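Quick notes on the structure that follows.
Derivation of every value follows stated rules applied to the coordinates shown; laboratory data play no part. Note that the structure is a prediction, hence the values are computed from the model and not measured. When we count neighbours, we look across all protein chains shown, and the Cβ atoms used for this are built from the backbone with ideal geometry, even at glycine.
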Amino acid sequence: MECLSPFLGEILRPMCDSMCSRVGNAIRFKSNVQALNSVMERLVELRGNINEDHKDKPFRLKIMGWQRNAEEVITKARSKLEERVSCGKSLKSRLSRKLVTILNEARMLEKEGLDLLDMIAVATAHERVEHVPGVSVLHQTTASNMLGKIIDGLRSSEVQKIGIWGMGGVGKTTLVRTLNNKLHEETATQPFGLVIFATASKDFDPRTVQKQIAERLDIDTRLEETVERLARRIYARLEKQTNFLLILDDVWKDIDLDLLGIPRTEEKKGSKIILTSRFLEVCRSMRTDLDVRVDCLCEEEAWELFCQNAGEVARSDLIEPIAKAFSLECGGLPLAIITVGTAMRGKTNVMLWEHALNQLSRSVPWIRSIEEKIYQPLKLSYDFLAGQGKSCFLLCALFPEDYSIEVTELVMYWIAEGFMGEHGSHEDSMNEGITMVESLKDFCLLEDGSRSETVKMHDVVRDFAIWIMSSSQNDCHSLVLPGTGLQEIRQEKFAPSLRWVSLMNNKLERLPHLPEEYCMEASTLLLHGNSLLQEALKGFLQAFPALRILNLSGSSVNSLPQSCLQLSSLHSLFLRGCADLTDLPSLETLAKLELLDLCGTHIKEFPKGLEKLESFKHLDLSRTGHLKTIPARIVSRLSSLETLDMTSSHYHWSVEGEEQEGQATLEELACLECLQVLSISLTCSPSFLTKSNSWIKRLKKFQLVVGSSYVFPMRHDKRRLTISNLNLSQVSMEWLFTCTTSVALNRCQGLQGMIKKLVTSRKIFVNLKSLTIERASINLSGGIEKATTKSPKGSSKTPDLLPFLEELRLRRVNLVSVSELQAQLGLGLILLRLLEVSICGNLKTLSEIDMCTMPNLEEIEISYCESLQNVRQTTAGPQKPFLPKLRVMKLRNLPLLESFCSAGETLNCLEHVEIINCDRLYTLPISSTTCGRIKEIKGGASWWKRLKWENPSTLKTVEPCFKPLKEVLDEKAPDFMSNNLWKR
């Protein structure tokens with residue numbers, strides 16, 4: 001038997017395999033039948049979709065061949081499926097095997113058919129661009145300018161993705177529809193083989209977007225087909241396309257284009273993607289190469305759009321002034337203009353118009369369509385805000401309409417409300433706040449204000465925020481009446497549910513008497529800007545026991561009532577500009593106070609009780625011109641103090657041993673371990689400069705004024721030293737120069753001696769980025785011997801003491817040329833970005849050294865230098881490009897100046913030009929090749945007429961940029977916050 005085993009195994013194994021196969025086929029018979037039925041249904045449908053009538057003969061033959069094969073398989077399958085009815089169990093295994101063979105053939109034919117259908121779609125595409133129904137905005141200048149930017153991006157080889165963003169209702173969809181239809185009209189010349197328009201929407205569903213794309217590509221979609229399978233078919237179809245443009249409208253979050261089946265534009269040469277979104281962050285996350293913000297309409301365009309929707313009644317004599325006020329109230333937002341205009345269409349009663357305008361100006365949605373068509377779309381953006389974003393946004397509406405809000409002030413409110421800054425330093429909190437501001441701007445819920453470092457709300461967005469806060473069910477229920485001209489306010493306006501109250505910038509003289517603890521929930525009370533407000537605070541403040549923010553700035557209060565001193569939760573107290581306030585009671589009862597702003601008050605003594613507040617961090621005593629007393633051993637007890645701002649205060653600190661009896665000394669500040677920001681003035685004494693006050697180096701921001709001097713605003717004010725009326729040759733400045741970013745020297749003697757000491761010290765001051773010298777009577781050309789150092793090879797070379805200098809200002813300095821100072825300090829000026837020279841009567845040329853050594857100079861301002869004849873002294877030999885990065889050129893009161901550059905020389909990056917009282921200057925360094933960069937030219941009208949141009953086309957290009965002198969003067973605006981150290 002053992003001998004037979006191998007032979008029996010060889011005989012039985014095939015028999016067993018055959019039996020197993022037959023059993024398996026019999027078991028799978030039913031599933032094979034079902035699978036074949038399913039494939040046959042799809043194949044029959046596919047056969048009907050593939051048309052033999054194609055004009056290309058080879059293509060037609062290929063289709064006919066596929067149709068023939070499909071017919072054979074379908075016939076064969078039907079025959080075998082009919083056999084199954086009559087066959088017995090013994091035949092099912094054999095029939096099942098045949099069904100599997102036919103099933104595989106059918107699946108192969110289905111795949112070939114789908115590929116063939118895609119090829120037919122490519123070959124028989126109806127139009128490269130399909131018209132999308134909608135209004136055109138080509139007639140609007142604002143929209144045309146934006147379309148121009150987008151089309152430039154489509155033409156650029158460096159741009160693959162374009163992001164179009166803006167607030168809800170501003171017209172993003174209308175803009176891209178107009179673009180699509182413009183490409184449709186220019187089908188013969190536009191560069192794309194196919195343009196696809198699809199909408200993503202807030203509730204993004206990849207299948208829905210794929211279906212839109214597939215329909216445009218004539219790709220048949222099936223209900224049971226997966227997203228991944230359809231993506232592969234879309235990808236295969238677009239890969240066969242020469243190039244394409246995908247316009248993806250209404251994108252709310254980052255979309256994976258691979259998931260949709262869109263080929264990567266960097267790999268598909270010539271293809272582009274445009275997306276629209278309310279959020280700039282979405283554009284960034286989708287890695288757009290060009291972002292275009294859709295702006296609101298200008299006043300004229302807004303009025304035309306309003307009239308189109310309101311009808312001719314808007315232009316009637318009695319109604320037109322009211323209608324124009326309506327148009328202005330909409331702030332140029334197309335959705336608001338259309339909604340409001342349509343609501344007023346055909347209404348001829350003037351009183352109806354006046355009532356509606358009154359409601360609109362009070363942020364009241366007087367018709368349902370305002371809520372449905374304007375506020376609800378904006379609420380979608382609002383709902384996307386995470387964390388404390390909603391509260392931060394709503395608080396912005398407490399300011400008046402069209403009001404530019406100081407970013408610093410806004411962030412301080414957020415911190416005081418507890419929205420941020422629970423952990424970390426003041427700087428960390430400010431950074432967190434500024435990040436939130438940028439986020440709200442990216443959401444189009446805030447926009448840049450009229451001044452730098454300010455923001456504001458669009459009128460309609462503010463109305464929406466007030467609408468949110470007006471609901472008593474909302475946890476931000478608030479009373480918001482700022483800047484409305486209120487002279488009095490009734491008790492009935494207040495409610496126990498109020499969270500915030502803003503009555504700022506009104507004409508209130510008194511406030512109502514409210515029951516104690518009536519507004520228990522209120523945390524913010526803004527009363528600033530009521531210059532007549534003086535009395536009745538006592539009976540009013542008692543109603544707000546939980547206040548965290550109280551702002552009485554700019555009022556006529558001359559004392560704080562007892563009810564104010566009982567605000568145990570108060571975090572921030574603002575009394576800025578209260579000129580009648582000369583004295584304060586002890587503040588020790590305000591246990592949670594962290595910030596006190598007394599800027600511009602007339603207080604005479606340092607506030608009492610602050611040393612007993614464990615959490616007190618920020619004190620603003622700037623512009624306190626009457627402050628005379630800071631008692632000794634008080635400031636040193638402010639253990640949590642982080643910020644002390646005494647910019648332009650009357651009080652001058654002294655070092656120990658030079659102070660008046662009983663007064664605080666500078667050494668007390670050294671005890672404050674938490675101190676990060678400091679701005680003070682010191683007595684005019686060299687003692688401070690001769691000591692190495694190492695504690696100053698640990699400060700993150702400081703402004704030290706030694707002596708009496710006006711503080712000019714600068715860009716590098718983070719660590720600033722200003723010295724006035726001192727003999728600099730008697731002091732050692734090295735230790736201060738190493739830790740400062742900005743130095744200003746005013747009316748100082750011994751400048752030559754100081755420079756000699758600095759040069760011979762061989763120290764390089766890498767932190768110093770700004771240098772100002774004012775009222776210095778020096779003669780650098782012969783006053784001192786040039787200091788030099790020996791190089792390793794023995795050659796003499798003056799070291800560059802300030803290699804990272806970015807700003808140089810010279811005012812009332814006795815120089816013949818700037819190069820004198822440049823040579824003495826060995827200044828390379830390689831990184832210099834701003835050069836300002838003014839009231840230097842002996843200055844004849846700006847630099848005897850080739851100014852090509854200032855390759856990064858961006859701004860130059862020269863004024864009141866009556867002897868200046870030329871800016872650049874030409875040298876023999878080949879010339880490098882002259883000031884290749886200069887953007888801003890301002891020349892004022894230079895009677896002898898005839899030219900800025902050599903003849904025929906131009907400034908390639910020049911954008912802003914201002915020329916005042918330079919009567920001999922007849923040419924500008926602008927040519928036909930560079931004039932396109934010019935944004936603004938300011939000067940006198942008569943000077944403009946005398947200018948000579950290389951050709952008329954240059955003048956034609958820049959003429960719209962010219963602003964006559966009168967307009968220039970009218971546009972000047974003061975910056976009241978220039979000396980506020982808290983301003984970032």
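Here are some notes:
- Met469, Met457 arranged by Cβ crowding within 10 Å, fewest neighbours leading: Met469, Met457
- Distance between region 876-925 and region 715-757 - C-alpha centres, whole angstrom: 32
- Dipole magnitude of the chain, debye to nearest 20 (Cβ charges: Lys/Arg +1, Asp/Glu -1, about Cα centre): 2760
- Placing dummy labels 7 Å off each Cα toward the beta-carbon, the span from Ser729 to Leu328 is 6.4 nm.
- The angle between the Cα long axis of helix 350-361 and the main principal axis of the chain comes to about 80°, on a 0 to 90 degree scale.
- In this rough spin-label picture, where each label sits 7 Å from Cα along the Cβ direction, the Ser694-Arg97 distance is 9.6 nm.
- Contour minus Cα-Cα distance for Lys956 and Asn917 (0.36 nm per residue): 11.7 nm
- Here is how the number arises for the chain: DSSP H runs of 4 or more residues each give -39500 (n - 2.57), the sum is divided by the residue count, and the result at 222 nm is -10000 deg cm²/dmol.
- For peptides 381-390, 717-726, sequence by mean Cβ density within 10 Å, most packed first: 717-726, 381-390
- Extending 7 Å from the Cα toward the beta-carbon at both Ala546 and Leu514 defines two label points whose distance is 1.3 nm.
- Cα centroid of region 227-296 to Cα centroid of region 597-665, whole Å: 59
- Restriction of the trypsin sites (Lys or Arg not before Pro) in region 186-229 to DSSP coil positions whose beta-carbon has at most 11 other beta-carbons within 10 angstrom yields Arg222.
- Ranked by the mean number of other Cβ atoms within 10 Å of their residues, highest first, the peptides 342-354, 918-930 come out as 918-930, 342-354.
- Theoretical FRET efficiency, 1/(1+(r/R0)^6), r = Cβ-Cβ of Ser556 and Lys604, R0 25 Å, to 0.05: 0.85
- Highest to lowest packing among 172-183, 97-108, scored as the average C-beta count within 10 Å: 172-183, 97-108
- For the pair His131 and Ser928, the difference between a 0.36 nm per residue extended length and the Cα-Cα distance amounts to 283.0 nm.
- Members of Lys507/Lys608; Lys701/Lys769; Lys172/Lys347; Lys456/Lys769; Lys456/Lys938 lying beyond 20 Å, as alpha-carbon distances in this model show: Lys507/Lys608; Lys172/Lys347; Lys456/Lys769; Lys456/Lys938
- For region 473-516, applying the loop criterion from DSSP together with a ceiling of 13 other beta carbons within 10 Å to the trypsin sites (Lys or Arg not before Pro) yields Arg490.
- With N counted as the residues of region 299-361, its alpha-carbon radius of gyration over 2.2 N^0.38 Å works out to 0.94.
- Region 141-293: projected area of the alpha-carbon convex hull, averaged over directions, in nm²: 8.7
- Calculated FRET efficiency for the pair Glu281/Glu186, C-beta based, R₀ 45 Å, to 0.05: 0.85
- Given charges at beta-carbon only (K, R positive; D, E negative), |dipole| of region 530-642 in Debye: 140
- Rg [Å, one decimal], Dmax [Å, integer] - the chain, C-alpha atoms: 38.5, 128
- Partners of Lys269 within straight-line reach, counting aspartates and glutamates whose Cα lies under 18 Å from its Cα and excluding those fewer than 8 residues away in the same chain: Asp152, Glu158, Glu239, Asp258, Asp289.
- Nearest 10 degrees, 0 to 90: helix 89-123 Cα axis against the chain principal axis: 50
- Straight-line cross-link partners of Lys76 among the lysines, defined as a Cα under 23 Å from its Cα and at least 8 positions apart when in the same chain: Lys30, Lys62, Lys89, Lys92, Lys98, Lys111.
- For region 372-459, the Rg and Dmax computed from alpha carbons only, in angstrom: 12.9, 44
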